[in-house]
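Structure first, commentary second.
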Amino acid sequence: MNDMILLKQGEMALKGLNRRAFETRLIANIKKALAPCGEFDVSAMQSAVYVEPRSPDCDMDSAFAVCRAAFGINTVTRAAACEKDTDAIFDTAVRYLGEELRNAESFKVETKRADKRFPMTSVEISRRIGGRLAEAYPLTRVDVHAPALCVNVEIRDTAAYVHGKPARGAGGLPVGVSGRAVALLSGGIDSPVAAYMAAKRGLRLIPVHFASPPYTSELALRKVFDLADILSLYCGRLTVETVSFTRIQETIGRKCPEGLHTVIARRFMMRAAERIAIRHGCGAIITGENLGQVASQTLQALTVTQECVLLPVLRPCIGLDKREIIETAVAIGTYETSILPYEDCCTVFTPRRPRTKPPLRDVLEAETGLDVGGLLDDALDFACRDSAVTSGK
Ligand code: ATP
Ligand code: MG
């Protein structure tokens with residue numbers, strides 16, 4: 001019996017002329033992600049993707065998990081391939097789903113016949129296989145309306161496939177089809193969720209982290225790299241760009257009014273992110289900002305924060321409340337790492353009373369006392385390249 005994994009493409013199937021390009025990207029993403037699980041053939045046909053092991057030592061459980069995390073996939077099903085003949089299909093259903101058939105209260109067989117040359121209709125195939133399974137499992141009742149187990153049979157050009165209940169895939173669009181973006185990754189809860197959501201819409205990410213050593217520690221940096229590692233399960237290979245933010249924050253601290261420190265620091269983050277974005281051909285900046293969550297996230301503060309850059313700033317968490325963000329963080333596996341108690345550069349330099357509605361005029365005036373271009377040049381020159389980490393196998 002040939003165990004394989006059958007994937008159903010999601011939204012991308014609707015994309016008309018772009019479909020071929022989407023499919024090519026999806027297959028390339030899946031092949032790359034499957035590399036640690038063994039050698040697989042990955043091919044697409046009729047909005048399905050077939051993942052077939054080349055040898056018996058492929059790790060099918062890990063491959064299944066990899067496929068479930070891949071964006072662009074609606075459902076993921078382990079399936080058995082067999083010859084296109086009803087005896088072979090019946091035998092395969094017994095071997096592959098026998099245990100489930102024995103334990104289910106009721107079942108039905110549902111057939112899809114993509115190969116129209118096959119000499120029986122879908123209904124005839126379902127009846128034939130269903131009848132034989134009903135004889136083989138007399139304690140399991142046939143229920144065509146609301147069965148506890150559906151035995152799926154697919155007749156395709158190259159083979160027949162038998163499978164049970166599909167698992168839900170990650171949805172979204174294949175990473176890369178929407179272009180690239182920098183994702184500002186702090187060690188907090190929100191930014192990894194924002195990065196995940198942006199990747200889900202097909203963006204390939206360049207994570208950027210601002211560190212302020214010695215105020216922020218090696219452990220805080222390690223935490224960000226660990227978060228990137230977790231995100232790489234969904235986003236593919238990630239290389240974190242680390243920017244040294246110490247001198248910028250010390251200078252702001254010395255020269256600007258305290259109530260504006262946060263918003264001015266955030267404007268420096270935006271400018272630095274934009275420079276990195278241009279270097280990598282990115283079309284947007286992603287942040288984990290929310291509306292109304294903290295003083296730096298009022299509408300006015302967000303407007304002033306992004307006023308200094310031309311690239312669009314996308315904030316995928318904007319419509320989520322904290323509980324929903326936490327639920328997503330738990331589901332994608334970043335939460336436990338995010339709550340480790342290491343300092344972030346923003347928390348180290350938090351003013352006692354930040355202005356919740358910083359007027360742009362005041363901010364621009366405060367910035368006239370700073371060598372904005374020079375500070376950025378230094379920070380990006382000293383971007384701790386050696387500590388840039390590559391995540392994803
Ligand atoms: P998070 O949980 O993502 O840290 P937050 O609610 O704590 O978000 P802030 O600390 O104000 O909010 O940060 C808002 C956003 O700014 C973050 O989501 C992140 O995108 C970006 N950001 C903040 N600090 C850093 C940093 N040190 N490096 C990179 N990006 C950062
Ligand atoms: Mg934070």
Worksheet item: With +1 on each Lys and Arg Cβ and -1 on each Asp and Glu Cβ, how big is the dipole of the chain about its Cα centre, in debye rounded to the nearest 20?
Response: 940 debye
Discussion item. Give me the percent of accessible area attributable to carbon and sulfur for segment 2-170, probe 1.4 angstrom.
Written reply: 50 percent
Worksheet item: Quick one: Cα centre-to-centre distance for segment 201-251 and segment 46-121, in angstrom?
Response: 41 Å
Worksheet entry | Ranked by how many other beta carbons lie within 10 Å on average, peptides 271-283, 363-375, 189-201 from highest | 189-201, 271-283, 363-375
Practice prompt. Tell me what the chain gives for mean residue ellipticity at 222 nm when only DSSP H runs of n ≥ 4 count, each as -39,500 (n - 2.57), the sum divided by the residue total, rounded to 500 deg cm²/dmol.
Written response: -12500 deg cm²/dmol
Worksheet item: Once you sort the root eigenvalues of the Cα gyration tensor of segment 264-364 as a ≥ b ≥ c, which label holds: rounded (a/c under 1.5), prolate (a/b larger than b/c) or oblate (the other case)?
Response: oblate
Practice prompt. Count the net charge of all other residues whose Cβ sits under 12 Å from the Cβ of residue 134, scoring Lys and Arg as +1 and Asp and Glu as -1.
Written response: +3
Fill in: Pair residue 360, residue 145: separation of 7 Å Cα→Cβ label points (nm)
6.3 nm
Discussion item. Please compute the per residue accessible area over segment 2-170 with all protein chains in place, 1.4 Å probe, rounded to a whole number of Å².
Written reply: 52 Å²
Worksheet entry | Distance in nm between pseudo-label sites at residue 46 and residue 279 (7 Å out along the Cβ direction from Cα) | 4.9 nm
Worksheet, complete the sentence: Along segment 248-259, Karplus-curve 3J(HN,Hα) (6.51, -1.76, 1.60; θ = phi - 60°) to the nearest Hz, with x for Gly and Pro, reads 4, 5, 5, 5, 4, x, 6, 10, 10, x, 4, x
Worksheet item: Which cross-chain or sequence-distant (5 or more) residues have an amide H under 5 Å from the amide H of residue 170, H modelled 1.01 Å from N in plane?
Response: 70, 73
Practice prompt. May I ask for the angle, rounded to the nearest 10°, between helix 372-381 and the longest principal axis of the chain, with both axes built from Cα atoms and the value confined to 0 to 90°?
Written response: 50 degrees
Worksheet entry | GluC sites (Glu not before Pro) restricted to segment 53-158 and DSSP loop, no more than 14 other C-beta within 10 Å | 83, 105
Worksheet entry | Computed P(r) (all Cα pairs; segment 34-184; 10 Å bins; percent) | 10, 35, 33, 17, 4, 1, 0
Worksheet entry | With every protein chain in place, segment 180-390: carbon and sulfur % of accessible area (1.4 Å) | 55 percent
Item to complete: Enter the accessible area per residue of segment 253-386 (Å², integer; probe 1.4 Å; all protein chains in place).
Response: 52 Å²
Discussion item. Counting only other residues whose beta carbon sits under 13 Å from that of residue 212, what net charge do I get with K and R as +1, D and E as -1?
Written reply: -3
Worksheet item: What nm value, rounded to one decimal, do you get for the distance between residue 307 and residue 8 when each label is placed 7 Å out toward the C-beta?
Response: 5.0 nm
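The values are calculated or read from the model by the stated rules, or taken from the named source; none is laboratory data. Just so we're clear, the structure is a prediction, and the values are computed from it rather than from any experiment. We place every Cβ from the backbone using ideal geometry, glycine too, and count neighbours over all the protein chains shown. Surface areas here come from the heavy atoms of the whole protein model, side chains and all, with no ligands, DNA or RNA. Shrake-Rupley method; radii C 1.70, N 1.55, O 1.52, S 1.80 Å.
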